[in-house]
1. Scanning the range 247-283 for residues that are part of a loop (DSSP other than H, G, I, E, B) and charged (D, E, K, R), which turns out surrounded by the fewest Cβ atoms within 10 Å (Cβ to Cβ)?
2. Of the numbered conditions (1) of a type in the set (D, E, K, R); (2) surrounded by fewer than 21 Cβ atoms within 10 Å (Cβ to Cβ); (3) under 21 Å from the mean Cα position of the chain (by Cα), Arg110 fails exactly one; give the number of that condition.
3. Among the residues of the range 293-319, how many are at pLDDT below 95, assigned to a loop (DSSP other than H, G, I, E, B) and surrounded by 15 or more Cβ atoms within 10 Å (Cβ to Cβ)?
4. Among all residue pairs at least 6 apart or on different chains, which show Cβ distances below 7 Å where the first residue, located in the range 232-246, is within 19 Å of Ala141 (Cα to Cα) and assigned to a loop (DSSP other than H, G, I, E, B) and the second is modelled with pLDDT of 95 or more and β-branched (Val, Ile, Thr)?
5. Tell me, which residue of the range 45-92 that is of a type in the set (S, T, N, Q), part of a loop (DSSP other than H, G, I, E, B) and within 13 Å of the chain's Cα centre (by Cα) is surrounded by the fewest Cβ atoms within 10 Å (Cβ to Cβ)?
Amino acid sequence: MKNIIILLLLAQTIWAQEPTKRIEFEAPEAYPEGVTFDQAANVFYVSSARLGTVGKVTKEGKYTELYTDKTLKSTYGVKVHPDGKRIFVCAGDANYSKFSTPDTKKKMARLIAIDIKSGKKLMDVDLSQLVPGEHFPNDLAFEKDGNVYVTDSFADVVYKVDASGKATVFSKSELLKSAGVGPNGIVFHPQGFLIVANNGSGALVKIDIKNPEKTSKVKIDQFFPSADGLLLNDNNTLTLVQNGGINKIFKLKTSDNWTWAQVAESTSFEDRFAFPSTAAMSGNETWIMNANFSEITEGNNVPSKKFSLQQAIFNPVKK
């Protein structure tokens, strides 16, 4: 009887340490970083930090390329437009591109719109001339008025691109600055402000849409260095993806419109996310892109063929 109990306890321990559900797909050398979900088509779209493509991933794990452009080096943040007909993607050459050149390295900054049905490019906006210095277009968010906001993690700014494709510098707040990678994940809040994750400082920055000079840090009892993607679940709940060795996903809650917030839930360390980068919602499920960037930074000579989207299961955080 004692042996049976021991075996049951061991089985429970092993089961508890199993990673959460994954959708594995083959996309040789792609190293996807951004992910978004298309509710109408029931598929994910993913970017490629190494190849600069945009791919489509089914729930069954079938990967196909949706858009390829030889002028692109890396693609990062990717989002389905609220109209459901277009995909917008950040394109640059910040770090991991297989096709990097001296002319584009840390210089390219583009926002591209792609027609979902045809896979053809509809818009291509150059952001690289708006601010001098190095560039890393990283993530984007849509506003209800048709504007797109793009973070530049090397220039420490947020750009604004209107429906016609006109681009301007929206915010260059001191709160966005960082010694390394600065503004990263970004979301638009229906109450009229942006929330931006500063990757380097680990802070969340709140920027007023009508008055971008009005910026503040969201007051939280902890910082999130290497904060990456953000996802607004509802007006009072925000999902934050943290990599940099932490490799956990957090749900933050607010009761005062993001003046203050607290960590309400998180994933477990045992889930073993592999350099998680961004998040997307499919129904009530939260799916995380495992970017596997640690392989590249560690000088892996054999780039991966397989990658995965992993479901985030949240547990209440003990106070």
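The values are calculated or read from the model by the stated rules, or taken from the named source; none is laboratory data. What you see is a predicted model, and the numbers here were worked out from it, not measured in a lab. So basically every Cβ, Gly included, is an ideal-geometry build from the backbone, and we count neighbours across all protein chains shown.
1. Asp256
2. Against the list (1) of a type in the set (D, E, K, R); (2) surrounded by fewer than 21 Cβ atoms within 10 Å (Cβ to Cβ); (3) under 21 Å from the mean Cα position of the chain (by Cα), Arg110 comes up short only on (2).
3. Summing the residues that are at pLDDT below 95, assigned to a loop (DSSP other than H, G, I, E, B) and surrounded by 15 or more Cβ atoms within 10 Å (Cβ to Cβ) in the range 293-319 gives 2.
4. Close Cβ pairs (under 7 Å, with a partner that is modelled with pLDDT of 95 or more and β-branched (Val, Ile, Thr)) amount to Asn236/Thr254.
5. Among those residues, the one meeting the criterion is Ser48.
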